[in-house]
Amino acid sequence: MIRFEQVGKRYPNGHMGLDGVSFHIRRGEMVFITGHSGAGKSTLLKLIMCMERPSSGQVHIGGQDLRDLGSNDIPYLRRQIGVVFQNHQLLFDRTVFDNVALPLVINGTPTDEVGRRVRAALDKVGLLNKEKSYPIALSGGEQQRIGIARAVVHKPALLLADEPTGNLDPSLSAEIMALFEDFNRVGVTVMIASHDLPLIAQLDHRMLTLDQGQLVTDGEQA
Ligand code: ADP
Ligand code: ADP
């Protein structure tokens, strides 16, 4: 599903975001990417989403070499990916329903289908009763669940998350990780960047460790 071959990313200011990174993630896997701040975790996720382009090496997503994607193909690629951010990036002047519906509205999904899908997504994150609320009225953990509902509302094959528990306490963080495991269990490939080692050590998934842009370990946890 995701293949990196000797991928390097040098930013215009000379910083190396990634340096000679190779790995392969199969469809249906759940993988953590860890490493200190500045290790290259966000860079790796941005390359998958085509928000950045590699300076060297190759990135393949679903068998497609991203070098062959033109700017017209990128929206199509992104439709197959759901993304969860640390600060969830919800719109505070829109209801929960409208926030979650946004990706569907953008790609022109018919209105009755939007309603059905938004409710299915809210149901999966346990917040069906909040559809008319505004994000400001929700707790931090609930806001992050809404961010996850929005990321999965179009049923992407791949779910990416960048420090999704960065602002949450340990018990809420564990609940959020359990939610990602639920999506993984129904076949979604999940990649989560996190530096919360105590949390991810409790979970039994493959872990890629980056250090200064290099992949230093890739393995199942003990
Ligand atoms: P992480 O997500 O692990 O904290 P990043 O991928 O954000 O790491 O950063 C990796 C390296 O690339 C760091 O040295 C960072 O300063 C640099 N970097 C990230 N984004 C940019 C950018 N847009 N311009 C220049 N340097 C960047
Ligand atoms: P429908 O297929 O009628 O749209 P659902 O949206 O409830 O119904 O999804 C049907 C099944 O697909 C559920 O079991 C759901 O958990 C699973 N599923 C597969 N991929 C995803 C995804 N990316 N996000 C959410 N659910 C998914």
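The values are calculated or read from the model by the stated rules, or taken from the named source; none is laboratory data. Just so it is clear, the model here is predicted, and its values are computed rather than measured. Cβ sites come from the backbone with ideal geometry, for glycine too, and all protein chains shown count toward neighbours. Quick note on the areas: whole protein, heavy atoms, side chains included, nothing else; ligands and nucleic acids left out. Shrake-Rupley method; radii C 1.70, N 1.55, O 1.52, S 1.80 Å.
What pairs can you find where one residue is in the stretch 37-61 and more than 8 Å from ligand 1 (Cβ to nearest atom), the other is among the β-branched types (Val, Ile, Thr) and in a helix (DSSP H, G or I), and their Cβ atoms are less than 8 Å apart, with a gap of 6+ or different chains?
Cys50/Ile74; Val59/Ile48; Ile61/Ile48
Which members of the stretch 77-101 meet the condition of being at pLDDT 95 or above, in a helix (DSSP H, G or I) and open to solvent by 10 Å² or more (accessible area, probe 1.4 Å)?
Residues satisfying the conditions are Phe97, Asp98.
Do we find that Thr189 is within 20 Å of Met51 (Cβ to Cβ) and β-branched (Val, Ile, Thr) in this structure?
yes
If you take the residues in the stretch 127-144 that are closer than 21 Å to Met177 by Cβ and in contact (Cβ under 8 Å) with a residue 40 or more places away in the chain, which one is nearest to ligand 2 (Cβ to nearest atom)?
Gln144
Within the stretch 82-140, track down each residue that is under 15 Å from Lys155 (Cα atoms) and either in contact with a Cys (Cβ under 6 Å, 6 or more places away or on another chain) or within 16 Å of ligand 1 (Cβ to nearest atom) (or both).
Val83, Val84, listed by residue number.
Quick one: Gly126 ticks every box in (1) at negative phi; (2) in contact with a helix residue (DSSP H, G or I) (Cβ under 9 Å, 6 or more places away or on another chain) except a single one, so which number is it?
Exception for Gly126: condition (1).
Filter the stretch 163-182 down to residues that are under 30 Å from Pro110 (Cα atoms) and surrounded by fewer than 21 Cβ atoms within 10 Å (Cβ to Cβ) and give me whichever is farthest from the chain's Cα centre (by Cα).
Filtering first and then ranking leaves Asp182.
Of (1) open to solvent by 40 Å² or more (accessible area, probe 1.4 Å); (2) more than 7 Å from ligand 1 (Cβ to nearest atom), Tyr11 satisfies all except one. Which?
Result: Tyr11 fails condition (2) only.
Which numbered condition trips up Ile33, out of (1) within 16 Å of ligand 2 (Cβ to nearest atom); (2) closer than 24 Å to Asp196 by Cβ?
(1)
Out of (1) touching a residue at least 40 places away in the same chain (Cβ under 8 Å); (2) within 20 Å of Glu29 (Cβ to Cβ); (3) within 16 Å of ligand 1 (Cβ to nearest atom), the odd one out for Thr217 is which?
Of everything listed in (1) touching a residue at least 40 places away in the same chain (Cβ under 8 Å); (2) within 20 Å of Glu29 (Cβ to Cβ); (3) within 16 Å of ligand 1 (Cβ to nearest atom), Thr217 misses just condition (1).
Can you tell me which residues in the stretch 106-135 are more than 20 Å from the chain's Cα centre (by Cα) and in a helix (DSSP H, G or I)?
Thr111, Asp112, Glu113, Val114, Gly115, Arg116, Arg119, Leu128, Asn129, Lys130, Pro135
Kindly indicate whether any position in the stretch 40-51 is part of a helix (DSSP H, G or I) and at pLDDT below 95.
No.
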